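Engineer: One structure, pasted below without further comment.
The values are calculated or read from the model by the stated rules, or taken from the named source; none is laboratory data. This one's a predicted model, so the numbers in the text were calculated from it and none came from an experiment. Positions of Cβ are generated from backbone atoms using ideal geometry, with glycine treated the same way; all protein chains shown enter the neighbour counts.
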Amino acid sequence: MFLAVTGAEALYADMGHFGKGPIRAAWVYLVLPSLVLNYLGQGAMVLAHPETARNPFFEMVPELVYWPVWLLSIAATVIASQAVITGAFSMTQQAVQLGLFPRIDIRRTSETQAGQIYVPQVNMFLMVGVLVLLFMFRTSSNLAAAYGIAVTGAMFVDTLLFFYIVRYMWKRPVWQAGLASAAFGFLDVVFISSNLLKIPQGAWLPVVLGGGLVVIMWTWNRGAQILTDKTRRDSVPLAELAEILKARAPYRAPGTAIFLTSDPDTSPVALMHNLKHNKVLHEKNIILTIAVAETPGSRRTSGCASSR
């Protein structure tokens, strides 16, 4: 049951990469009919031949096309992993943008689709993780316990996000958001509590990995907040800095200096350190704030202030 549910969920994980149109068309015209025919066919065969219940899918495959179907199943597994990979890329990008994760190399692979990205570090991490799981668990049956808690945990988080969307994005009352989420939440809690019994059999792994990611994100966010507070204490607003430089002009050195900043209203830290320790400015000093446009393949750059 979980394979069927999460298979559909994995399909929608690509929503941000391909848009709702292709996903809906693929589901209505290809995936849903295929799943219905497949599961009804397996059920009919098991009812007629109970001994095939141990492996109904491959038992229903004619011997003539057994190996081509076997190769197709391997290809389907590889294709299905794409949803995991793209989902990991998207979540990493969002974590970086929210300031919850260190900045890493995120490459745009499309000039028209914002969601089509490639993250080399995450791709390498996934490869190492798959190899570690392969040598640790060895068989899919051993991996079932870890799979169950990971999937049910992810579905429970989706339910929490659904409550947030109904309450704060759709502007519905709290009771409506709670009622809408309660049905999903009840099923999630039942499944999670059942899978918690499998922690000794391998369900501990996704719990440990999830906890490690939470620690990394909390540490990075807290450290960034501390650094930002310190930077603001050491800096002054640009308007105030301009008045200070007019009143007490420092020594001017030949050349041009460019100071980059992510805050358009605050003087760059590098400029403040230069004034504090060197007490010198170049003949031309440019303070530049770079804003990255949301449109893939383009960049929007704006200069916030300059002083001569």
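Engineer: Among the numbered criteria (1) hydroxyl-bearing (Ser, Thr, Tyr); (2) in a helix (DSSP H, G or I); (3) farther than 24 Å from ALA154 by Cα, which single criterion is violated by THR256?
Structural biologist: (2)
Engineer: Which residues, taken from segment 112-148, are outside any helix (DSSP H, G or I) and surrounded by 14 or more Cβ atoms within 10 Å (Cβ to Cβ)?
Structural biologist: Across segment 112-148, the qualifying residues are GLN113, ALA114, GLY115, GLN116, ILE117, TYR118, VAL119.
Engineer: Also, quick follow-up: Could you tell me whether ILE216 is aliphatic (A, V, I, L, M) and surrounded by 15 or more Cβ atoms within 10 Å (Cβ to Cβ)?
Structural biologist: No.
Engineer: When you scan segment 120-150, how many residues do you find that are closer than 18 Å to MET91 by Cβ and not assigned by TED's automatic domain parsing to the domain that holds ILE199? Step through it out loud before you land on a result.
Structural biologist: Step one: list which residues in segment 120-150 are closer than 18 Å to MET91 by Cβ, which gives 120-130, 150.
Restricting the remaining residues to those that are not assigned by TED's automatic domain parsing to the domain that holds ILE199 gives 120-130.
Going through segment 120-150 one residue at a time, the tally reaches 11.
Engineer: Test each condition in (1) touching a His at 6+ places or on another chain (Cβ under 8 Å); (2) in a helix (DSSP H, G or I) for LYS246 and report the one that comes out false.
Structural biologist: Of (1) touching a His at 6+ places or on another chain (Cβ under 8 Å); (2) in a helix (DSSP H, G or I), only one is false for LYS246: (1).
Engineer: Here's a check for you: in segment 170-181, which residue that is at pLDDT 90 or above and part of a helix (DSSP H, G or I) is surrounded by the most Cβ atoms within 10 Å (Cβ to Cβ)?
Structural biologist: Out of the qualifying residues, it is SER181.
Engineer: Let me ask you something else. Those residues that are more than 14 Å from MET91 (Cα to Cα) and modelled with pLDDT of 80 or more, I need them from segment 108-119; list them, please.
Structural biologist: Matches in segment 108-119: ARG108, THR109.
Engineer: Which condition does GLY153 not pass, out of (1) in the same structural domain as LEU197 (by TED's automatic domain parsing); (2) in contact with a Phe, Trp or Tyr (Cβ under 9 Å, 6 or more places away or on another chain); (3) farther than 23 Å from PHE18 by Cβ, if it passes all the others?
Structural biologist: Every listed condition holds for GLY153 apart from (2).
Yes or no, residue by residue, for (1) at pLDDT 90 or above; (2) in a helix (DSSP H, G or I); (3) of a type in the set (Asp, Glu):
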| position | (1), (2), (3) |
| --- | --- |
| ALA53 | no, yes, no |
| VAL65 | yes, yes, no |
| PRO68 | yes, yes, no |
| THR77 | no, yes, no |
| ALA80 | no, yes, no |
| ALA83 | no, yes, no |
| GLY99 | no, no, no |
| PRO102 | no, no, no |
